[in-house]
1. Could you calculate the contour length gain from R177 to A145, that is, 0.36 nm times the residue separation minus the distance between their Cα atoms, to one decimal place in nm?
2. In degrees from 0 to 90, rounded to the nearest 10, what is the angle of the helix 189-199 Cα long axis to the longest principal axis of the chain?
3. Using a probe radius of 1.4 Å on heavy atoms only, what accessible surface per residue do you get for the chain? Whole Å² is fine.
4. Ordering L32, L19, L62, L185 from largest to smallest accessible area (1.4 angstrom probe), what's the sequence?
5. T16 accessible area, nearest 10 Å², 1.4 Å probe?
6. How far, in nm, would the chain grow between R61 and H110 when pulled straight, counting 0.36 nm per residue and subtracting the alpha carbon separation?
7. Could you rank E199, E22 by how accessible they are, 1.4 Å probe, largest area first?
8. Given the chain, what percent of its DSSP beta bridges are antiparallel, to the nearest 5?
Amino acid sequence: MLRAWLGLGRCWECGTMLLANEVAGTCPGCRLAWPVLPPGAGSQALGQMRAGALPWALGFRLCAERGTSQVLHRMKYGGLIDPAQRLGRWMSAAWPSPPPDTVLVPVPSHWRRRLRRGFNPSESLACGLACNWGLAVEPSLLVRAAHRRSLTGSSRVERMRVLEACYVGMPTPNARRVVVVDDVLTTGATYRTCAQALEAEGHTCIGGVWLAMA
Ligand SMILES: [Zn+2]
């Protein structure tokens with residue numbers, strides 16, 4: 001009971017008993033199988049290609065056979081804040097910190113999802129990163145406007161338009177230097193629309209952090 005409450009337990013993959021500092025329910029042995037994206041030229045090229053942005057930290061590629069799809073799923077739908085924070089700390093241990101006055105801005109989740117899950121996984125990731133990097137998390141710089149239109153069935157152009165309407169940057173007395181934090185990088189459309197919304201309010205977006213590459 002206490003172990004469960006502390007977030008301890010057994011490795012989801014192999015059942016080994018976990019220690020207090022283990023990452024997202026995965027023992028070090030199973031973590032060796034993760035297709036990790038380390039700092040370096042390859043990861044930078046990947047960020048540029050997908051989002052047109054500098055990656056300040058990446059986690060792993062999504063791969064069901066190597067366990068990372070399951071890790072992402074548990075982080076998003078497991079209902080616990082802790083795995084996301086630990087994954088944030090795990091990433092920031094390998095990647096050098098952005099410049100000292102940078103703030104981390106998580107991509108806001110849809111309010112329905114937030115209500116259902118009780119938290120925004122990207123914000124928890126950002127808290128884990130901020131803790132090691134000594135930076136602030138500023139979720140209030142970016143809000144998600146309500147929209148009722150379904151994305152399915154629309155053309156790509158229409159989808160872009162709906163996404164653009166989704167995020168609104170918030171002005172602050174002093175414009176901030178921002179790194180956007182998101183859980184998954186697929187097409188980079190979310191990053192681009194968030195960066196545009198922040199830059200429309202005078203902030204400078206210097207890149208992003210993504211836990212997983214789809
Ligand atoms: Zn294991």
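1. Values: separation 32, 0.36 × 32 = 11.52 nm, distance 2.24 nm.
Here the answer is 9.3 nm.
2. The two axes meet at around 60 degrees.
3. Details: 11020 Å² over 214 residues.
Per-residue accessible area for the chain comes out at 51 Å².
4. On the way: L32 150, L19 115, L62 55, L185 5 Å².
Output order, biggest surface exposure first: L32, L19, L62, L185.
5. It works out to around 70 Å².
6. Values: separation 49, 0.36 × 49 = 17.64 nm, distance 2.42 nm.
Fully extending the segment from R61 to H110 adds 15.2 nm.
7. Working: E199 90, E22 20 Å².
Most to least solvent-accessible, the answer reads E199, E22.
8. Values: 6 of 26 bridges.
In the chain, DSSP labels about 25 percent of beta bridges as antiparallel.
The values are calculated or read from the model by the stated rules, or taken from the named source; none is laboratory data. What you are looking at is a predicted structure, and each value in this text was computed from that prediction instead of being measured. In case anyone asks, the SASA skips ligands and DNA or RNA and just uses the protein heavy atoms, side chains included. Shrake-Rupley method; radii C 1.70, N 1.55, O 1.52, S 1.80 Å.
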